[in-house]
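Before any comments, here is the structure.
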There are 2 protein chains.
Amino acid sequence: MAAAPVWSVDPRTGKPREQVAVEATAEEVDREVRRAHATRPALADRTARAALLRTAADLLDESGAYLIEAADAETALGPVRLTGELARTTAQLRAFAEVVDEGSFLDVRIDHADGDRTPPWPDLRRWKVPLGVVAVYSASNFPFAFSVPGGDTASALAAGCPVVVKAHPDHPATSEICAATLRRAAAQVGLPEDVVVLVHGFEAGVDLVRHPLVAGAGFTGSVRGGRALFDAAAARPTPIPFHGELGSLNPVVITGAAAAERAEQLGAGLAGSMTLGEGQFCTKPGFVLVPAGDAGDSLLKSLTTAVSETEPGVMLDHRMRDAFVAGVRERAELPDVDAPITPGAGGEHTVSAGYLTVPARRLAADGPHDLLLEECFGPVTVVARYDSDAEIGAVLARLPGNLTATLHLADGEAEDADSGAARLLAELTPLAGRVLVNGWPTGVAVAPAQQHGGPYPASTSTSTSVGATAIERWLRPVTYQSTPAALLPPELRDDNPAGLPRRVDGRAEHATAP
Amino acid sequence: MAAAPVWSVDPRTGKPREQVAVEATAEEVDREVRRAHATRPALADRTARAALLRTAADLLDESGAYLIEAADAETALGPVRLTGELARTTAQLRAFAEVVDEGSFLDVRIDHADGDRTPPWPDLRRWKVPLGVVAVYSASNFPFAFSVPGGDTASALAAGCPVVVKAHPDHPATSEICAATLRRAAAQVGLPEDVVVLVHGFEAGVDLVRHPLVAGAGFTGSVRGGRALFDAAAARPTPIPFHGELGSLNPVVITGAAAAERAEQLGAGLAGSMTLGEGQFCTKPGFVLVPAGDAGDSLLKSLTTAVSETEPGVMLDHRMRDAFVAGVRERAELPDVDAPITPGAGGEHTVSAGYLTVPARRLAADGPHDLLLEECFGPVTVVARYDSDAEIGAVLARLPGNLTATLHLADGEAEDADSGAARLLAELTPLAGRVLVNGWPTGVAVAPAQQHGGPYPASTSTSTSVGATAIERWLRPVTYQSTPAALLPPELRDDNPAGLPRRVDGRAEHATAP
């Protein structure tokens, strides 16, 4: 049987551009995993890992123009967005190099022997070691930041784990160039190139999560695809951690006072956030609670104006475009659902933005309107009009988990104990990993305190895929008991030659290294 | 249908002692979970949680004699062991109170807004919040330390999660007393009693892990039972974290030099560790690599002598006793397996300790001898005799994951680069969560740096069930973005009124509270 070809496709025309690769067979997946697995001893060197991450960032920046052109041809995301995404991706690689150098991710804890305890404590020294080979499933909508050189790869390499990336079929050529760049970076710092390998193909992705030498997986994509892989990971003879980001509605609550204060600004802000990148952000505000009445009407008027001014755009591929058109149509046909601006097919290859409205009371109990509480990928949002704070609470209680939840307040509401703001924040917090006040959820800063993850289906775990703590996903603790100093890694010795931050006998010790 | 009775049984006679309770129906499980769920707001108070843990410890200590008598009648573990176990359990509750007070488990990270970044960073403040109701599955072999008042319950309460405990059928009366004590402690500190509730019954345990309001589970028990619950947790519409400790062989490697140096001491030490508590410790050394030849022969001679001197004992229940007798028989019938002292039935209600030997080369490839690489609960260990270091490596590479792995070295071997000690330690580290040198794995200090957990099937996750970091299992991170100080929890405000240790703008800040 001939190997299945992998084509790069132009989403602006739907036409194939070039054959990039072939889909990996089970044997090829096995070979690539073993190649990656063999690099673990080399990756144990933290200095080399930090150098790899920085060199990879430098090489990606150097090839910026070429990479952006390649990604734009496959994704239609446009050079402005892709330039920003690449900058964010290389910044993320450098941020993880700093995490590696700083060393607190090793979570070193030392308890010296204590004979006064009953029973006596032996000498215990704990740190974290890499899990092993990590499978990374690339996302369609971020060809850099959540794909080959993205956060999963960066955090896994930072942890000391080799990576096998499953390319996304929407950008196979970009994936090949990025993988080659990462491999070149490895060679430049004296690491084996196979610290990163790339495979293509749906079946290859399934083979990968089942491979006995794969010790963990990171995924960004759909609920359907992610859940299938999560289930496969859990069903293995030896289950492995599966950190998947599957889907999110990103609810927004706009108080009556906020709508009364700045209806126009809120309508325009919502339009900008929900249409950004053709509504293909995982943090797109897909569900907005807006008060019934005049202030809410004004907000929608502003929203209509702003959305009307957006041009039809190209989605990442034609399958997504068709799913968007069908998904919007199905939602619009529900009773009491209106479409002040009908989202849908813009042209043969494009889509046009729009939004739907529904009375919030329609969503307070099980029924066909539950479809409106499922993510619809693309430039559409659902506006639920509420009559009372109780209605807000009833709807929020029915929402699945989310990456983000947003609250818009009027000036002074935060400080006013009678405004209900504290209660609304308390209702939003259980729904999401990131809670925003007076902002829009699109745009995820790559900062140490970031949390990009939330209750299922936002994530299949309690972890984050962005920010410093994303590295924790690829580590496991090991404690050495009564182990002679000569056999301990330097990080666990009393003299702490690397100057790491540690907890010794229950007390935090700061880093002493520069 | 009448409710199924739950009987307390005397393992020394196999006879029922008293009916303690009835098995919970699905409706009753639902009611108990909802009761526990309703206590979440009260448990959000960290001061109250710390007080609950300390008061629970005090009340358990006060009832010590009564509790130990109750537990001994159901488990036959004996007052000496149970006295130690209760002391360890109350120390663990107090240790988690300190964890709550100290506050580093909240992992507070603050990144102030930074307009100089591209794109600008908003203000981000991250901490960890409780998951929700935690289901705790009690262990047979630790009626206190891994049951109702054990580490899972203590760490979940410390995290702010209410607990629904599924009692183990081997000690239902002890479970009832302990649960009542914990509920009394809650009332004394002004918390609702339902922060801890108790259910009995196998089906109740299954209903529990499937309940929509249960947000996480902790389990200590068998591979079979634990895997079934793990699978149920993963198959839920909304999967939940399942932290299970399922089984462990706890391999021990004794170098030729160590055997030559102290054969007698090692044989006696091994006998003590493998027969401790009738071999019913999850950290029992169940597989020991001993050199072929004279030194190893001397070690076994000492082992034989010491094991011969142990009295027959009573296991936790008759089902376990029968499984032990059958398991030993099946292993002993394998080709090339000898039983210098045949373990097995000691009397109608007892078992006698023993051990099996096998040439290590029998275990270097797939075959019927793989049975020897599965845990056999009870006072038996398998001694594999090796001819070379290569044989050790070949066998270790075939072992499943473990809680512990142990290396016995002769004096000076640790410091001798040619001894092979470093290589052996490197081969043992991937196998376990705790690696010991020159000790025995039974006995798990409740210390901050402890790691009780390891690669599957030792654990179904990368967490620990003992030690300060066990609390991490029951938390998830939430980041507040651009949130007015008036709406932030005090822990996330700039003035840090609780004096918590935090990371602010990437730098660690020590605790300032007393």
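Rank by packing, highest mean first: peptides A:142-154, A:450-462, with packing defined as the count of other Cβ atoms within 10 Å averaged across residues. Can you show the working numbers first?
Numbers: A:142-154: 29.4, A:450-462: 26.3.
Descending mean neighbour count gives A:142-154, A:450-462.
Could the peptides B:276-285, B:221-230 be put in order, highest first, of the mean number of other beta-carbon atoms found within 10 Å of their residues?
Numbers: B:276-285: 24.1, B:221-230: 18.5.
Ranked by mean Cβ neighbours within 10 Å, highest first: B:276-285, B:221-230.
Could you check how many percent of all C-alpha pairs in the protein assembly as shown are farther apart than 49 Å?
Working: 136340 of 527878 pairs.
Tail of the P(r) past 49 Å holds 26 percent of the pairs.
Listed highest first by mean packing, meaning other Cβ atoms within 10 Å per residue, what order do B:212-219, B:237-244 come in? The partial results should precede the final answer.
Values: B:212-219: 23.5, B:237-244: 20.8.
Those peptides, ordered most packed to least, come out B:212-219, B:237-244.
Mind checking which chain B residue has its Cβ closest to the axis relating B to A, and how many whole Å off it is?
B:Ala234, 2
Once you list every other residue whose beta carbon is under 10 Å from the beta carbon of A:Val314, what net charge do they have if Lys and Arg are +1 and Asp and Glu are -1? Write down the numbers at each step before the final one.
On the way: positive: A:Arg12, A:Arg321; negative: A:Asp10, A:Glu278, A:Asp317.
Net of charged neighbours comes to -1.
For region B:251-437, what is the percent of antiparallel DSSP beta bridges, rounded to the nearest 5?
Here the antiparallel bridges make up roughly 20 percent for region B:251-437.
Once the label point is set 7 Å along the Cα-to-beta-carbon vector, what list of distances in nm do you get between A:Ala187 and its counterparts in the other copies?
A:Ala187 label point versus its equivalents elsewhere: 7.4 nm.
Among B:Leu372, B:Ser388, B:Ala257, flag the residue with its Cα farthest along the positive direction of the charge dipole of region B:251-437, charges on Cβ as +1 for Lys/Arg and -1 for Asp/Glu.
Going by the Cα projections, it comes out as B:Leu372.
Given Cα positions, please report Rg to Rh for region A:1-139, the hydrodynamic radius being the Kirkwood one.
On the way: Rg = 22.3 Å, Rh = 19.4 Å.
For region A:1-139, the value is 1.15.
Mind checking the dipole of the protein assembly as shown: about its Cα centre, +1 per Lys or Arg Cβ, -1 per Asp or Glu Cβ, Debye to the nearest 20?
Values: 88 positive and 130 negative charges, 58 e Å.
Dipole of the protein assembly as shown, to the nearest 20 debye: 280 debye.
Distance between Cα centroids, region A:314-337 to region A:246-282: provide it in whole Å.
Here the answer is 19 Å between Cα centres.
With N residues in chain B, what two-decimal value do you get for its Cα radius of gyration over 2.2 N^0.38 Å? Can you show the working numbers first?
On the way: Rg = 24.6 Å, N = 514, 2.2 N^0.38 = 23.6 Å.
In units of the globular-protein estimate, chain B measures up at 1.04.
In whole Å, how far is the Cα centre of region A:350-424 from that of region A:428-471?
18 Å
Add +1 for every Lys or Arg and -1 for every Asp or Glu among the other residues with Cβ under 11 Å from the Cβ of B:His408, and state the total. Can you show the working numbers first?
Working: positive: B:Arg262; negative: B:Glu261, B:Glu413.
With Lys, Arg at +1 and Asp, Glu at -1, the net is -1.
Label-to-label distances across copies for B:Ala2, with labels 7 Å out along Cα→Cβ, in nm, shortest first?
Label point to label point, same position, other copies: 7.4 nm.
Determine the shielding of peptide B:498-511 by partner chains: average, over its residues, the number of Cβ atoms on other chains within 10 angstrom of each Cβ.
Numbers: counts 0, 0, 0, 1, 1, 4, 2, 3, 8, 4, 7, 2, 4, 2.
Going residue by residue through B:498-511 and averaging, the value is 3.
So for chain B, taking the charge dipole from beta-carbon charges (+1 Lys/Arg, -1 Asp/Glu), which of B:Gln188, B:Leu399, B:Thr483 sits furthest toward the positive end?
After comparing all options, I get B:Thr483.
Dipole magnitude of chain A about its Cα centre, charges +1 at Lys/Arg Cβ and -1 at Asp/Glu Cβ only, in debye to the nearest 20?
With Lys and Arg at +1 and Asp and Glu at -1, about 1240 debye.
Within 10 Å of each Cβ in peptide B:428-439, how many partner chain Cβ atoms are there on average? Round it to a whole number, please. Write down the numbers at each step before the final one.
Numbers: counts 1, 4, 7, 1, 2, 5, 7, 8, 7, 8, 4, 5.
Shielding by partners across B:428-439 averages 5.
Residue by residue through B:411-418, how many Cβ atoms from other chains fall within 10 Å of the Cβ on average? Spell out each step's value before the answer.
Values: counts 0, 2, 3, 6, 4, 1, 1, 0.
Counting other chains' Cβ atoms within 10 Å and averaging over B:411-418 gives 2.
Counting other Cβ atoms within 10 Å, which GluC sites (Glu not before Pro) in region B:329-416 have at most 16 and lie in a DSSP loop? Can you show the working numbers first?
On the way: sites: B:Glu330, B:Glu333, B:Glu348, B:Glu374, B:Glu375, B:Glu391, B:Glu413, B:Glu415; in loops: B:Glu333, B:Glu348, B:Glu374, B:Glu375, B:Glu413, B:Glu415.
Hits after loop and neighbour filter: B:Glu333, B:Glu348, B:Glu374, B:Glu415.
Using the charge dipole of the protein assembly as shown (Lys, Arg: +1 at Cβ; Asp, Glu: -1 at Cβ; taken about the Cα centre), state which of B:Ala215, B:Gly347, B:Val444 has its Cα farthest towards the positive end.
So the residue furthest toward the plus end is B:Gly347.
Quick one: dipole size for region A:251-437, taken about the Cα centre, charges +1 on Lys/Arg Cβ and -1 on Asp/Glu Cβ, in debye to the nearest 20. Show your work: numbers first, answer last.
Working: 13 positive and 27 negative charges, 84 e Å.
Computed about the Cα centre, the dipole is about 400 debye.
What 222 nm value per residue comes from the helices of the protein assembly as shown, counting each DSSP H run with n ≥ 4 as -39,500 (n - 2.57) and dividing by all residues, nearest 500 deg cm²/dmol?
On the way: 28 runs with 366 residues, N = 1028.
For the protein assembly as shown, the value works out to -11500 deg cm²/dmol.
For chain A, find the longest principal axis of its Cα atoms and tell me its angle to the long axis of helix A:223-235, 0 to 90°, nearest 10.
Approximately 30 degrees, to the nearest ten.
Values quoted throughout were computed directly from the atomic coordinates according to the rules given, and no laboratory measurement underlies them. Fair warning: this is a prediction, and the values are worked out from it, not measured in the lab. Using ideal geometry, Cβ is built from the backbone for each residue, glycine included, and neighbour counts are taken over all protein chains shown.
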